[in-house]
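Here's the structure, in C-alpha cells; my notes come after.
The values are calculated or read from the model by the stated rules, or taken from the named source; none is laboratory data. The structure presented is a predicted model; accordingly, all values stated were derived computationally and were not measured. Positions of Cβ are generated from backbone atoms using ideal geometry, with glycine treated the same way; all protein chains shown enter the neighbour counts. In case anyone asks, the SASA skips ligands and DNA or RNA and just uses the protein heavy atoms, side chains included. Shrake-Rupley method; radii C 1.70, N 1.55, O 1.52, S 1.80 Å.
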Amino acid sequence: RPPPREAAAAGAAGAAANKNKNRGLLGAMILALCLVNIFDVDISIGNKNGGSGRRSLLSTLYLSGPSTLLPWAQHHLVDVTDRPDPEAETALFWHIPKSGGTTAKRLYQCMGRTLAHRVGGDPRYGHDNDAEIVVFEPHSGKDWKVVNVDTTIKPGILRAKKMGLVQSHTSDLIFTMEPEFAGQNLYDEDNKGRFLALFRHPVDRALSMFFYLQTATWERTYRPEWANMTVLEWAKLPNAEEDYMVHKLVGKSFGDTIDETDLIIAKELVRQRFIVGLMTEMNESLRRFNIVLGVDEESERSQHCMTEFGLKDVPPVKEGEERKLEEVKTHATDKKNSNKHPKFEEGSPEYEIVAGRNRLDMLLFKYIEALFDSQKEIIDSYLHDEEAEKDLQLDREDEGTNLALMSPEFENHSTTPIYLDGHDFRNHLANVKDPIQASDIAFFWHVPKSGGTTLQRLYWCMGSTIANEVGVNPKFGEYESERSPLVAFSPWKDNPGKVVNVDVATSKGILEARKRGFLTKPDQPRVNFVSSSEFKFASLMLFSPDRKARMFALFRHPIDRAVSKFFYLQKATWEPTYNTRWAKMSLEEWASRDRGDNNWMVRNIIAKGSKEELTDTDLELAKEIVSTKFVVGLMDKFEESVRRFNILLRIDENNPENRRCINEFSSNAGDTNAIRNEKEIVKKNQYNSYQHPEAKRGSPAWVSLAKIHMYDVMLYRHIMDLFAEQKALFGGPVVLA
C-alpha cells in the first residue's frame, strides 16, 4: 500500500530542497512507472489483475454485457464497482465547463483536501518551474493545499506525468478538462485512477456558456462580440464545441468528425469508469463523491463546508426545474463564475436549434441520467460489510436485477426503431419481397437455442463462408489484432467451410470489424452470410442503405427455447452466463419468476431493455419488422426452412455433396444431435445441443413461462402464420435484380 498522503506530502516537500540530487534516478523511476503496453487489445471487462478490487454479484450485473472499453481505460482506471481505496487510487474529477465543477472544487478546498488544478501551476505562486512534486498553500491562513502542477490542460498534464504526480500519492483529487488525455498519461497499471464528474443538460450548459462568455472578461475565451447576439443568431455560427462531452471522452479535437461509434465508446467509458453526478441532483451527487473519496461528512469541518456551500437541508431539484438551480444553491458558486440568463424551454426554437447541434451529447446525457439511477445501489454497497453485501446481492439476483440494461449499444428512448444517429435502422435492411440486389448481404439473426448452431454447421458442410465469432479464435492463428488483414480460411480439417477473421457476435467485435473495413473493402473475402445475435447493433454498424442486410432467422417456441436455455446453463460451465444457483433449482422453481430474460425476441428486435415495460404497440412494431424484413424459418420445420434459405443463399441442392449435408443435418427438426447426448451434460459438444426434460403444456412451469414471455409467444404465433404465407415466395428461384 502506498504511504499515507500526509507523509507523502511531507516527503515531497523535503525532496524539493534537494531536487537536483536524485533527478536522474527520479526520472528513470517515473519513466518505468508510466510505461503501458499500447498494443494490448484485451478489453474484456472481466479481466482483473488482483488487488483490492472485488466483484460482487451486483457488480457483475452492472458490468455484464459486451464491452467497448478502450485499453487505457481498462488498465489505468478502476471499475465503478470496485470498493474505493483512497490510499491506493487517485481520484480525478472531470470539470465540464458550466456544470458545477467550480462548486465541487471549492467544496473540497474548504474540506482541506489536497487538489491538483490550475492554481498549482500559476506562476504567481513560484512553483511553475519545479522539477519535483511539491504541496503548498497558495493563500496563507486559508488552510487548503494544492500540488504544483496544472492538470486542467494538456501541457500541464504532460508536466505532471514527468514529475510523477499520481505516483507520488500527494493529491486527493485531480481536476482536469481533458479526461482522455489525463487518463492515458497520468495513470498506469500500478497507479490507477477513479473518475468522477458532474453532468448538466447539454442545452442548459451551452446556453449558460453563451451568456457567461459575453461578460466574463477574466476568461481566456471571453467573447464580447456575442453580447448583442440572440441565441438563434449565435447558434447558427460555426461552433467549435458542439458535442463537447463526446469529443472530450474519446479524445478527439473539436474539428474532428464524431459519429455513433464515438458515442458508444463514450457511453462505455462513462458506464464502467465514471462515478456520475448530476448538477440537478447536487446533494446526492456530492454524497456519492464523498463516499468514494473517503470524506467523513459528519466531521465538524465537513458539516461547516456543506452548510457554507448550501448543500445541507436544501430541497432536491424537481424534474423539469433545472432552471431554478441557481436559486436553490445560493452559496454553491461565487458570483464571478455564475451568471443569470434567460431560460428556454424544450420545444422553443432556441432550445431545438441548440439541441440539434449537440445531438450526440443529448443522447449521452440521457444515458447518464439512467446511469445515475443505477449507480446508487453500487455506491451504497461500498458502505456494507462483506458478509452483509453478499446476502444483499443474492437477494437482488433472486429479484432478477439486471443492470446490464445499461449496456451502451441500445438507446431505449422510444418505442420506435430509432438508434443513435436518429435514422430508422430499417433503412439498412432489404425488404423481403424486393428483388435481391448485387450489393445485398445475407444476415442470419442467431436466436439462441433455436437451431442456429446446427444451421451454421450445415452451411459449413456445404462449403459456405460465414462471418461470426469463430474466425478470431486464437487457436486458428489468423487474428492477432485490429491490424490483421481480412482473410477467409478453413479452420477445420476435412471440412470445406470457411470463416472470416472477424468477430461479429459482440458489440466490441462489430465495432472493430467496421473499423477494419469489413463488408466495405472491395478486396475483402467473399462472405455467404453474416451470423450474429446482435440484430440491431450489427444492422446499424455493418450495413447501410447502399449495402443492405438480407435477414433470415430460425425461430423456436419461446417456452421451449427458455426451457432449453435453463437446462443448458445449469451445466454449461464453459459459458460466461453459466449459473450455479440455477443448477440447484427445479424447472418449476426457475420458471416461477422472470430471470431477466423476458420476451427476448421482441426486446431485441425493437431494442428495449428487460426492465422497460412492453406494450401492444411494441409487439406490433416487432411483427411489422419481421414481416417486412425477414425470411422466417421454424426450428420444428427445419427441412423446409433450409430449402427456403438455400434459395435465398443460392445454394445448389442438386449438388450431391450439398444433398448429403442437407440430409445429415435436417433430421429431428434442427436438433439433430440431442439424441447423441442423452447423458448428463459434462462438456461442450460441437453441436451445442443436449437432451433435456420439457415443460408440458398446461403445467405450472408452462403457464408461468407463458405469462413471463407473453409478447414473445404472440410474436411466435405471428411468425408461424408468416412462415405459411411466405411459402408463395419460394415456389421457384428468388428473382434477382
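Computed on protein heavy atoms with a 1.4 Å probe, the accessible areas place 345, 694 in the order 694, 345, largest first. For residue 551, which sequence-distant residues (separation of 5 or more, or a different chain) have an amide H within less than 5 Å of its own amide H, given hydrogens modelled in the peptide plane? Sorted by chain and number, the residues that satisfy this are 430, 443, 631. Using a cut-off of 32 Å between Cα atoms, the listed pairs 236/521; 623/696; 536/584; 493/521; 493/727; 366/515 include 236/521; 536/584; 493/727 as exceeding that distance.
Taken per residue, the accessible surface of segment 483-623 reaches 41 Å², heavy atoms only and a 1.4 Å probe.
A Förster distance of 60 Å, applied to the separation of the beta-carbon atoms of residue 592 and residue 232, puts the FRET efficiency at 0.55. Modelled spin labels at residue 717 and residue 696, positioned 7 Å past Cα toward Cβ, are 2.4 nm from each other.
Between 181, 224, 257, the Cα set farthest toward the positive side of the dipole of segment 145-285 (charges on each charged residue's Cβ, about the Cα centre) is that of 181. With R₀ set to 45 Å, the beta-carbon distance separating residue 546 from residue 703 gives a calculated FRET efficiency near 0.40. Between segment 439-499 and segment 67-97, how many Å separate their Cα centres? Taking the Cα centre of each part, segment 439-499 and segment 67-97 sit 36 Å apart. Solvent-free Debye calculation, one equal scatterer per alpha-carbon of segment 578-619: log10 I(q)/I(0) at 0.34 Å⁻¹ equals -1.19. Kirkwood analysis of the Cα pair distances in segment 113-250 returns a hydrodynamic radius of 17.0 Å.
Net charge dipole, segment 162-260: roughly 300 debye, given to the nearest 20, about the Cα centre with Cβ charges of +1 for Lys and Arg and -1 for Asp and Glu.
With both labels modelled 7 Å from their Cα along Cα-to-Cβ, the residue 493 to residue 345 distance reads 7.5 nm. Taking label points 7 Å from Cα along the Cα-to-Cβ direction, residue 369 and residue 162 give a separation of 4.5 nm. Taking each of 508/571; 105/142; 433/629 in turn, the alpha-carbon distance tops 18 angstrom for 508/571.
Ordering 427-433, 497-503, 483-489, 520-526 by mean Cβ neighbour count within 10 Å, with the highest value first, yields 497-503, 427-433, 483-489, 520-526. Note on residue 215 and residue 143: the extension gain reaches 22.8 nm, defined as 0.36 nm multiplied by sequence separation minus the Cα-Cα distance. Calculated on the Cα set of segment 203-298, radius of gyration then Dmax: 17.2, 49 Å.
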